[in-house]
Amino acid sequence: MSRDFICGLDVGSRTIRMVAGERGDGPRLLRIVGAAEVPAEGIRRGAITSMEDAVASITSAAEQLERMIGGSVRTAWVGITGPHVSTQRSRGVVAVARTDGEVQHGDVERAFEAARAGATPPNYDVLHIIPRVYALDHQGGIRDPIGMSGSRLEVEASIIQALSSHIRNLTKSVFQSGVEIDDLVLGLLATAEAVTTPRQRELGVVVIDIGATTTSLVVEEEGDVVHLSILPIGAEHITSDIAIGLRIALDHAEQLKLAVGTALPRDCKKEEVDLAEIIGAEGTASRKYIAEIIEARVEEIFERIDRELVVAKRSGSLPAGAVLVGGGAKLPGVTDVAKRKLRLPVAIGKPLGVDSVVERAFDPAFAAAVGLVIWGMSAPGEGSGRRAFTKSFFQPLNTIVDRTRSFVRGVFS
């Protein structure tokens, strides 16, 4: 009898990560059984730039994962991120349908649709609709209107949307790799669910994903998403700064960053680094100077994050602090800079409540892929219900996924 795997696919700008999990026994309901990682070709800033190369990379990740788990990767929950994803506040108002005024699920769904229709620009499609607060006959502050009575239902919601062309290209590349898509999910939402506890999300927490070309953040408080943003700056910008500062190639700068990089120049001695030992190039470089280059860019990243927290009216005032994930979170000294710039307690995030037979599943860089597996396990029909805000309107997105699936099958069958 074949094992039933739940898979998560995180398509990044530099790396593609794919994780497989299955139901566990005891208090930990999920067991990670495989975690694959391959370089991302044909992808830049989260967008497909070469369909052929992207398909080859995703196929390679799936094949690597299949060898690890000794089974087939048939479907996956696919994360989506990048500068082509945006958020917008919207409001939807509908009349309550029942004559006695009792609010039903259908009324809430129609309010969601009204909010979506008023917010989605041309060439964009909705990923998630996250209700923030409801009002019934102008009585605000309602978190769950089901069963209450009134005649006018209003919802204030955050609409998360992505360019339609990006969604189509991403889904097409996954289908052509031979993997079916369970659904597309904003990767940051899945990540936040994986690395924070309900208590943290109730008190107030910001989850920050430092990727290669973007840095994403989501603020949750009282169990709801209160702010979400994707900034066009990431770990690759640190690499570029090193390359410019030392006048070396980008690949060499990345090697140097990984080998001796830190965001804390005060902890560095004024010793010289022999470049020949690390990148095979002639000359030396000051370890302290490299750290100063890194610190300047890391400070900029967290200053921009703090500006987002100012917009959310949460700057320096999130009791559960900040949780850092993503490849950029592994850079030594990052948490120290984050604490100083955000004025919050800061920790490196790792998936909670899961078992794993592979150590890399607890690597901050794998948080999104593991989060997608957790998201998939909690989906309707897969396990216990998820938090209210995740009961999002997937129908518009599924229409695109189904349409792309039909097109790909028609061309390649």
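Please work out how much length the chain gains when fully extended from A296 to K339, using 0.36 nm per residue of separation minus the C-alpha to C-alpha distance, in nm with one decimal.
Full-extension gain reported as 14.0 nm.
From the P(r) of region 197-349, can you give the percent of Cα pairs sitting at distances over 21 Å?
For region 197-349, the fraction of Cα-Cα distances above 21 Å is 44 percent.
Secondary structure note: in the chain, about 75% of the DSSP beta bridges are antiparallel.
Eigen-decomposition of the gyration tensor built on the alpha-carbon atoms of the chain gives equivalent ellipsoid semi-axes of 37, 27, 20 angstrom, largest listed first. Each peptide in 92-105, 361-374 was scored by the mean count of other Cβ atoms within 10 Å over its residues; highest first, the order is 361-374, 92-105. Potential lengthening of the chain between R67 and R360 amounts to 103.9 nm, from the contour at 0.36 nm per residue minus the alpha-carbon distance. Residues K339, K313, ranked from the fewest to the most other C-beta atoms within 10 Å, line up as K313, K339. Length available on full extension from K270 to T197: 0.36 nm per residue minus the Cα-Cα distance, which gives 22.1 nm. A simple count of charges around S50, restricted to other residues whose Cβ falls under 10 Å of its Cβ and scoring Lys, Arg +1 and Asp, Glu -1, yields -2. Based on Cα contacts under 8 Å between residues 6+ apart, the chain shows a relative contact order of 19 percent.
Here the calculated FRET efficiency for E277 and R23, from their Cβ-Cβ distance with R0 = 60 Å, stands at 0.80, rounded to the nearest 0.05. The simple spin-label model puts a point 7 Å past each Cα toward its Cβ; for D251 and A117 those points are separated by 5.5 nm.
Each reported figure results from applying straightforward, stated rules to the coordinates on display, with no laboratory input. Everything quoted here is computed from the prediction, not taken from an experiment. A quick note on method: Cβ atoms are made from the backbone with ideal geometry, for glycine too, and the neighbour counts reach across all protein chains shown.
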